[in-house]
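Step one of this worksheet: look at the structure below.
The values are calculated or read from the model by the stated rules, or taken from the named source; none is laboratory data. These numbers come from a predicted model, not from an experiment. Cβ: placed from backbone, ideal geometry, glycine included. Neighbour counts: every protein chain shown. Heavy atoms of the whole protein, side chains included, go into the accessibility calculation; ligands, DNA and RNA do not. Shrake-Rupley method; radii C 1.70, N 1.55, O 1.52, S 1.80 Å.
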Amino acid sequence: MQNLFNGIAITGSGSAVPQTCLTNENLTQIVDTSDEWITTRTGIKERKIALAPESLTSLATAASQQALAAAGITAADINLILLATSTPDDLFGTACRVQNELGAIKAVAFDLTAACSGFVFGLVTAAQYIKTGVYENVLLIGADILSRWVDWEDRGSCVLFGDGAGAVVIQANKSDRLLGFTLKSDGTQNQYLNLNYKGTTQELNSSEIQVTQGKFHPITMNGREVYRFAVQKVPEVIDKTLFTAHLQAEDIDWLILHQANQRIINAVAERLEIPQHKVISNVANYGNTSAASIPLALDEAVRQGKIQCDDIIAISGFGAGLSWGAAIFKWGR
Ligand code: UT7
């Protein structure tokens, strides 16, 4: 046992995005779309796209270095690295590469896949390791490079996604700053959002021995169904989390939803009667960065001085799985 406290605190954040910017205007050269359609339907104006040598490892490492500096700890202090991603550099896992880049010699490192809910699922996972006394300092990263996996001929989905990484340091703390959480999965709706593996069976060297080999195919999405799911389930899961935290919606200082679509963000805030000035949004600049979107928005708001120590923050992620979840925490130690 390394830690005698059974609370957690989120003590620092960081983020990183690729250098290359793809505007709505740029997209009109690729698919039959317009800035007007993308802006009115999604609120997105531009997104950042990772080009070699940028990688999931490099973005995740840059975001992590900022988070460690903000928390005032070093890589050698980290016991656990959780990398929430659906787009690893290596299917065997990318967290160990980040561990190596950071020089986090003591840390156990592994990937966690829960699509756009990855950061919320990762936060709750990190909290369990700390609350049971196993670990003291956890680095949680949400990072994705969905531009690698978008079907660039599908105008219904390729305009939505962007690349990026966000990270937070979560530490053992006397009082528990994680006030409540709820996680949900519904595999019956899995077909609405996929990045599927498809293989064909072949004989090896004309022998009778067969194996199946193939590759992952680009994202397919039923946008209307995912939209319907999000505007129904996200307010529900935040309401449930408020109830478990013994809080009311008006107690929330900042609402940070997965940045998928400004219309979804507005609809959820309206349903919860949370005023616009408490809602953090940067979807216009980055599009949907999957597991990175919540920590990226959180880190920007912290660096802009909006989020202050002790502010109550409600986050909610939703997406493929289908999966969704919410967490409410007090910022800082
Ligand atoms: O992390 C979670 C990931 N996914 C999401 O969050 C997606 C949730 N869904 C959405 O955000 C919205 O459903 C979309 C933005 C994807 C689509 O908006 P919508 O208002 O639901 O549009 P729609 O799919 O109903 O399409 C309306 C029309 C269609 O034309 P017709 O059939 O009415 O003639 C589409 O073909 O808009 C057309 N359309 C486009 N037109 C110009 C679809 N994509 C585009 C496009 N540019 N990029």
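From the list D163, D151, which residue is under 15 Å from the mean Cα position of the chain (by Cα), over 21 Å from I73 (Cα atoms) and not assigned by TED's automatic domain parsing to the domain that holds L247?
D163
Any chance the stretch 94-114 includes a residue that's in contact (Cβ under 8 Å) with a residue 60 or more places away in the chain and either closer than 24 Å to L178 by Cβ or aliphatic (A, V, I, L, M) (or both)?
yes
Take the stretch 229-249 and flag every residue that is open to solvent by 50 Å² or more (accessible area, probe 1.4 Å) and among the aromatic types (F, W, Y).
Once the filter is applied, which keeps residues that are open to solvent by 50 Å² or more (accessible area, probe 1.4 Å) and among the aromatic types (F, W, Y), the stretch 229-249 yields only F243.
Residues that are hydroxyl-bearing (S, T, Y): list the strands (runs of 3 or more DSSP E) wholly contained in the stretch 176-275 that include at least 3 such residues.
By residue number, 197-203.
Kindly provide the set of residues from the stretch 221-255 that are within 23 Å of A115 (Cα to Cα), touching a residue at least 60 places away in the same chain (Cβ under 8 Å) and β-branched (V, I, T), ordered by number.
Answer for the stretch 221-255, where residues must be within 23 Å of A115 (Cα to Cα), touching a residue at least 60 places away in the same chain (Cβ under 8 Å) and β-branched (V, I, T): V226, V234, V237, I238, T241.
For residues that are outside any helix (DSSP H, G or I) and open to solvent by 50 Å² or more (accessible area, probe 1.4 Å), scanning just the stretch 29-41, find the one that is farthest from the ligand (Cβ to nearest atom).
Only one residue tops the list, namely Q29.
What number goes with the only condition from (1) at negative phi; (2) away from the ligand (no atom under 16 Å from the Cβ) that K233 does not pass?
(2)
Among the residues of the stretch 212-253, which ones are in contact with a helix residue (DSSP H, G or I) (Cβ under 6 Å, 6 or more places away or on another chain) and among the charged types (D, E, K, R)?
Hit for the stretch 212-253 is E225, nothing else.
Taking the stated definitions as given, is S58 in contact with a helix residue (DSSP H, G or I) (Cβ under 9 Å, 6 or more places away or on another chain), within 16 Å of the ligand (Cβ to nearest atom) and not aromatic (F, W, Y)?
Judged against the criteria, S58 is not a match.
Test of understanding: among I44, I73, which residue is in a loop (DSSP other than H, G, I, E, B) and within 16 Å of the ligand (Cβ to nearest atom)?
I44
Which residues, counting only those in the stretch 212-228, are away from the ligand (no atom under 16 Å from the Cβ) and either assigned by TED's automatic domain parsing to the domain that holds D90 or surrounded by 10 or more Cβ atoms within 10 Å (Cβ to Cβ) (or both)?
Result: T212, G214, F216, H217.
Anything in the stretch 110-149 that is small (G, A, S), under 14 Å from A326 (Cα atoms) and within 14 Å of the ligand (Cβ to nearest atom)? List them, or say none.
A114, S117, G118
Quick one: in the stretch 87-120, of everything that is open to solvent by 40 Å² or more (accessible area, probe 1.4 Å), in a loop (DSSP other than H, G, I, E, B) and not aliphatic (A, V, I, L, M), which residue is nearest to N194 (Cα to Cα)?
For the stretch 87-120, the residue satisfying everything is T113.
Considering only the stretch 132-143, I want to know if a residue exists there that is open to solvent by less than 60 Å² (accessible area, probe 1.4 Å) and within 28 Å of Q29 (Cα to Cα).
yes
For the structure I just gave you, tell me whether A107 is touching a helix residue (DSSP H, G or I) at 6+ places or on another chain (Cβ under 9 Å) and in the same structural domain as P18 (by TED's automatic domain parsing). Before the answer, list the steps.
On the way: touching a helix residue (DSSP H, G or I) at 6+ places or on another chain (Cβ under 9 Å): yes; in the same structural domain as P18 (by TED's automatic domain parsing): yes.
Yes.
If you take the residues of the stretch 158-203 that are of a type in the set (G, A, S) and surrounded by fewer than 21 Cβ atoms within 10 Å (Cβ to Cβ), which of them is nearest to the ligand (Cβ to nearest atom)?
Within the stretch 158-203, the first condition is being of a type in the set (G, A, S), and the residues that meet it are 162, 164-167, 172, 175, 180, 185, 187, 199.
Within this subset, residues satisfying the condition of being surrounded by fewer than 21 Cβ atoms within 10 Å (Cβ to Cβ) are 175, 180, 185, 187, 199.
Details: S175: 33, G180: 23, S185: 14, G187: 16, G199: 25 Å.
Out of the qualifying residues, it is S185.
Checking the structure you have, find out if any residue of the stretch 291-306 is part of a loop (DSSP other than H, G, I, E, B) and crowded, with 19+ Cβ neighbours inside 10 Å.
There is no residue in the stretch 291-306 that is part of a loop (DSSP other than H, G, I, E, B) and crowded, with 19+ Cβ neighbours inside 10 Å.
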